[in-house]
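Novice: Input: one structure, supplied below.
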Amino acid sequence: MEPPQDTSENPNDVLSDDDSSPENTNPDDQEIPSTTLDPPISDTQDESSDPVPDEQPQNTNSNPAEPGPPARKRRRRKRFFTELIANPSFSKNRRPRISGLAREMDTEALIAISVGFPVDSLTEEEIEANVVSRIGGQEQANYIVVRNHILARWRSNVSVWLTLEHALESIRAEHKNLVNAAYNFLLEHGYINFGLAPAVKEAKLKSFDGVERANVVIVGAGLSGLVAARQLVSMGFKVVILEGRTRPGGRVKTRKMKGDGVVAAADLGGSVLTGINGNPLGVLARQMGLPLHKVRDICPLYLPDGKAVDADVDSRIEVSFNKLLDRVCKLRHSMIEEVKSVDVPLGTALEAFRSVYKVAEDSQESMLLNWHLANLEYANASLMANLSMAYWDQDDPYEMGGDHCFIPGGNERFVRALAEDLPIFYGRTVQSIRYGIDGVRVYAGGQEFCGDMALCTVPLGVLKKGSIEFVPELPQRKKDAIQRLGFGLLNKVAMLFPYNFWGGEIDTFGHLTEDPSMRGEFFLFYSYSSVSGGPLLVALVAGDAAIKFELMSPVESVKRVLNILRGIFHPKGIVVPDPVQAVCTRWGKDRFTYGSYSHVAIGSSGDDYDILAESVGDGRVFFAGEATNKQYPATMHGAFLSGMREAANMLRVARRRSLVLSDKVNNDLEKCDTLDKLFENPDLTFGNFSALFDPHSNDVGSHALIRVKFHGDKLNSSHLCLYGLITKKQAIQLSEMNGDGNRMNSLHRDFGVKLVGGKGLSNVAELLISRIKAAKPT
């Protein structure tokens, strides 16, 4: 990227010449922990049906060892929003020839783009953080170069804690203020110095700025809750996490499967890292020394009778399917321009174009088209009839690049490491969150947990169900967004076999069905043999089939899967054995999720994700989770990043409250100091009483301010002063009485005066103080 050149100073000059370029690390393999024997076939509704916020599908595969169907790449097509609102191509801003420092700046800018920063502008969060004194111009251009450099420097070695001093080393001294601003922003918003490297974990055990802050109650120990908790602890907050399950992870669940001498780790929830470039989970993998297994980009398809799909038909329908999506994109573009409020189901629009252009009219073509539709239903955990034609793919411009990957041993390895040493209370199902000006009270399992703020990370399905009572009720704007956004279903059948019969080079393969209403039933198989530690095969159930699947017994489900597999492999002379263990998920029936992950339903839009992310109660209750992340919904990294986002928001609110409280304390101290000085020369003194009269009136009915000084060993200071407003005549009457006890009784009983502290005085008393102060010689 060529830095902005419209002003006198070149941003190339921000960096000094001795800086090094980012480097990559190569992690090593780790063994998969052993597990205990489970029943051969099980339903995970109660134990393991943790939602499946499965990363957006990337159907990839390589050819099986045996003869099979032609290998084809199968990617979702979502182009409209990318073309309509994405930033200009990075390459358009490059000079034909660059060298040295400029080339390095291009590399650093690419790294910044990969984690979500715009090419040549600030994010809303940076603007709100006042990282520069003026938007636009040379200062902003220099700041972006500095920010990108610091980010790239840490990303080159994520195993260390990057200090401010290290960040300053390679940047010219005159830009120290920009370095401070960029470093603090990146640190507080979780772009650097996060994760699970020993050096990072040790540094995060205490507040990075030494300040102790508020108490936070976090509802949910999923990825967003765990990440937020770790970040908040490093910022000086005291946190407690309430989790309804007996384990952490939420919709990330790895089941250990074992039997007949084989073992495997099956991801029943979130499984695929969708795009490794800039992905924070990729950073965690590097820090933990976990290798990444690329999901190979090929997916052979099989007909119901087990035969390979004809290559020409396969290619023709795939092209036709993509053209149908393109036509829908053009249609919605014109509809949005003409009638902004119009929306129809994506499935209806696709079917209309299919009918008009006579696509997929014979049996095999129709089955192929339905397979692609099932793939879209998998991508969105929704029926095509429920998806918004206008905004179903609104997140595409932000999609992370790079390979889609598996983590050997399962994603629970992340969860266990993130949960380590955090104060998590398991088996605490939250029933109510009450919030107000004095803080929050969270009720779970008959216990009350109090804090200054709360972070709610429960899935959208739980919010839709109304399982948690909010007092006062959530704003109507948020309740409407909860109802508009979709939250759908994806289920899995994980099967551990005594050996791998499908071929060691396969990552995915697909199966077609003749029944359009069941097109999503076991339409796609993932092979985890290379990463799970054993011969593991996972069948996906999407769309309408995922709903019907939950009404079927696990034994019947596994039988249906085996019939499909035997129909594919028996004709090739390959015996398909019975699995030694099988697990069926039931995400729709899971009371901690009521579904799998979010999508943009008809009548909704990406704005609803932002509304879900808004805090309520003037910064008392915050919200995180994949359904609060407009850029990366329905992904594990989306949940991760939302936790980081809310930790930064809570820090901002805590600092704002601290400033307000500091101003209030300072005002109170100033008032007390003023009163002490005024009462150094009172108009009347008797016992522990003193009185100041109105300097502008000699009338005995005019106001007088009295002070009563109390002494005692139990007081924090040597004495305590309380004040009251009476008349001059009453002050004189008090002075003529014997003993302070009689005076106190008369003050309360006869005059009806209640003594208060200096900050509790009435407006009339404040006015009298001003008049007395003005009349006193300075």
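The values are calculated or read from the model by the stated rules, or taken from the named source; none is laboratory data. Just so you know, these numbers come straight off a predicted model, no measurement behind them. Neighbour counts are summed over all protein chains in view; Cβ atoms, including those assigned to glycine, are modelled from backbone coordinates with ideal geometry. For the accessible areas, the whole protein counts, side chains as well, though only heavy atoms, and no ligand, DNA or RNA atoms are used. Shrake-Rupley method; radii C 1.70, N 1.55, O 1.52, S 1.80 Å.
Novice: Under a 1.4 Å probe, what is the accessible area of the range 680-775 per residue, stated in Å²?
Specialist: On the way: 5680 Å² over 96 residues.
Per residue, the range 680-775 has an accessible area of 59 Å².
Novice: Could you calculate the FRET efficiency of Asn322 with Asp607 from 1/(1 + (r/R0)^6), where r is the beta carbon distance between them and R0 is 30 Å, rounded to 0.05?
Specialist: Numbers: r = 28 Å, r/R0 = 0.93.
So the FRET efficiency works out to roughly 0.60.
Novice: Next up: If you project the alpha carbons of the range 149-248 onto their three principal axes, what span does each projection cover, largest first, in Å?
Specialist: Its Cα atoms span 51, 27, 18 Å along the three principal axes.
Novice: Mind putting a number on the dipole of the range 555-621 about its Cα centre? Charges go on the C-beta only, +1 for Lys and Arg and -1 for Asp and Glu, and I need it in Debye to the nearest 20.
Specialist: Values: 8 positive and 8 negative charges, 149 e Å.
That gives the range 555-621 a dipole magnitude of about 720 debye.
Novice: Another one. Could you please state how large a percent of the accessible area of the range 584-703 is carbon and sulfur, counting protein chains only and using a 1.4 Å probe? Numbers along the way, then the final one.
Specialist: Numbers: 2350 of 4780 Å².
Percent of accessible area from carbon and sulfur atoms in the range 584-703: 49.
Novice: Could you order the peptides 353-364, 541-552 from most to least packed, using the average number of other C-beta atoms within 10 Å per residue?
Specialist: Details: 353-364: 13.8, 541-552: 22.3.
Averaged packing, sorted descending, gives the order 541-552, 353-364.
Novice: Could you tell me which of Ala352, Ser334, Phe406 has its Cα farthest along the dipole of the range 319-429 towards the positive end, charges placed at Cβ (Lys, Arg +1; Asp, Glu -1), taken about the Cα centre?
Specialist: Going by the charge dipole, the pick is Ala352.
Novice: Here's something else I'd like to know. Please give, to one decimal in nm, the separation of the simple spin-label points placed at Lys464 and Lys358, each 7 Å out from Cα toward the Cβ.
Specialist: About 4.0 nm separates the two model spin labels.
Novice: Continuing with this model, one more query. Rg/Rh for the range 499-618 to two decimals, with Rh computed the Kirkwood way over all alpha-carbon pairs. Don't skip to the end; give the middle numbers.
Specialist: Details: Rg = 18.3 Å, Rh = 17.0 Å.
Result for the range 499-618 is an Rg/Rh of 1.08.
Novice: Still on this structure: Quick check on the range 671-745: what does the Kirkwood estimate of hydrodynamic radius come out to from the alpha carbon pairs, in Å? All intermediate terms of the calculation are to be shown ahead of the outcome.
Specialist: Numbers: mean 1/r = 0.0767 Å⁻¹.
Value: 13.0 Å, from the Cα pair sum.
Novice: Give a residue-ordered list of calculated ³J(HN,Hα) values for the range 214-223 (Karplus: 6.51 cos²θ - 1.76 cosθ + 1.60, θ = phi - 60°; whole Hz; x for Gly, Pro).
Specialist: Residue by residue, the range 214-223 yields 6, 8, 10, 9, 9, 9, x, 10, x, 4 Hz.
Novice: Just subtract the alpha-carbon distance of Gln483 and Ser334 from 0.36 nm times their residue separation and send over the number in nm, one decimal.
Specialist: Numbers: separation 149, 0.36 × 149 = 53.64 nm, distance 2.69 nm.
Full extension from Gln483 to Ser334 adds 50.9 nm.
Novice: Expected output is a single nm value to one decimal: the length gained when fully extending between Ile732 and Glu420, i.e. 0.36 nm times separation in residues minus the C-alpha distance. What is it? Mind showing how you got there, number by number?
Specialist: Working: separation 312, 0.36 × 312 = 112.32 nm, distance 6.93 nm.
Once the chain is fully extended between Ile732 and Glu420, it gains 105.4 nm.
Novice: Can you list residues whose amide H is under 5 Å from Phe237's amide H, if they're 5+ apart or on another chain and H is modeled 1.01 Å from N?
Specialist: Here Arg213 satisfy the definition.
Novice: Round to the nearest 0.05 the FRET efficiency obtained for Asp515 and Lys206 when R0 = 41 Å and r is the Cβ-Cβ distance. All intermediate terms of the calculation are to be shown ahead of the outcome.
Specialist: On the way: r = 60 Å, r/R0 = 1.45.
Between Asp515 and Lys206 the formula returns 0.10.
Novice: Quick one: 3J(HN,Hα) in Hz for the range 598-606, Karplus 6.51/-1.76/1.60 with θ = phi - 60°, rounded, Gly and Pro as x.
Specialist: Listing the rounded values in order: 8, 8, 8, 7, 4, x, 9, 7, x Hz.
Novice: Sort 754-760, 125-131 for me by packing, meaning the mean count of neighbouring Cβ atoms within 10 Å per residue, highest on top.
Specialist: On the way: 754-760: 13.6, 125-131: 16.1.
So the peptides 754-760, 125-131, ranked by packing, come out 125-131, 754-760.
Novice: List the lysines whose Cα sits under 30 Å from the Cα of Lys776, skipping any in the same chain fewer than 8 residues away.
Specialist: Lys664, Lys671, Lys677, Lys709, Lys728, Lys729, Lys754, Lys759
Novice: Assuming a viscosity of 0.692 mPa s and a temperature of 37 °C, what translational diffusion coefficient in µm² per second does Stokes-Einstein assign to the range 356-413, Rh being the Kirkwood radius over Cα pairs? Write out the running numbers ahead of the final one.
Specialist: On the way: Rh = 14.6 Å.
Diffusion coefficient, whole number: 225 µm²/s.
Novice: Please calculate the 1.4 Å probe accessible area of Tyr528, with all protein chains present, and give it to the nearest 10 Å².
Specialist: Tyr528 exposes around 10 Å² with every protein chain in place.
Novice: Quick check: pseudo-label points 7 Å beyond the Cα along Cα→Cβ at Thr123 and Asn563, how many nm apart are they?
Specialist: Taking the two extended label points, one gets 5.0 nm.
Novice: Once the piece of chain linking Ser658 and Gln431 is laid out straight, how much longer is it, given 0.36 nm per residue of separation minus the C-alpha distance between them?
Specialist: Values: separation 227, 0.36 × 227 = 81.72 nm, distance 3.02 nm.
The span from Ser658 to Gln431 would gain 78.7 nm if fully extended.
Novice: In addition: Just the ratio, please: alpha-carbon radius of gyration of the range 100-193 over 2.2 N^0.38 Å, N its number of residues. Don't jump to the answer; show the numbers that get you there.
Specialist: Details: Rg = 12.1 Å, N = 94, 2.2 N^0.38 = 12.4 Å.
So the range 100-193 has a normalised radius of gyration of 0.98.
Novice: Any idea what the dipole of the range 100-193 comes to, in debye rounded to 20, about its Cα centre with Lys/Arg Cβ at +1 and Asp/Glu Cβ at -1? List each step's numbers first, then the result.
Specialist: Numbers: 7 positive and 13 negative charges, 46 e Å.
Result for the range 100-193 is approximately 220 debye, rounded to the nearest 20.
Novice: Stokes-Einstein at 37 °C, 0.692 mPa s, Kirkwood radius from Cα pairs: D for the range 208-299 in µm² s⁻¹? All intermediate terms of the calculation are to be shown ahead of the outcome.
Specialist: Values: Rh = 16.1 Å.
The diffusion coefficient I find is 204 µm²/s.
Novice: Could you give me the ³J(HN,Hα) list for the range 505-510, computed from phi with Karplus coefficients 6.51, -1.76, 1.60 and θ = phi - 60°, whole Hz, x at Gly and Pro?
Specialist: Those phi angles translate into 9, 8, 9, 8, 8, x Hz.
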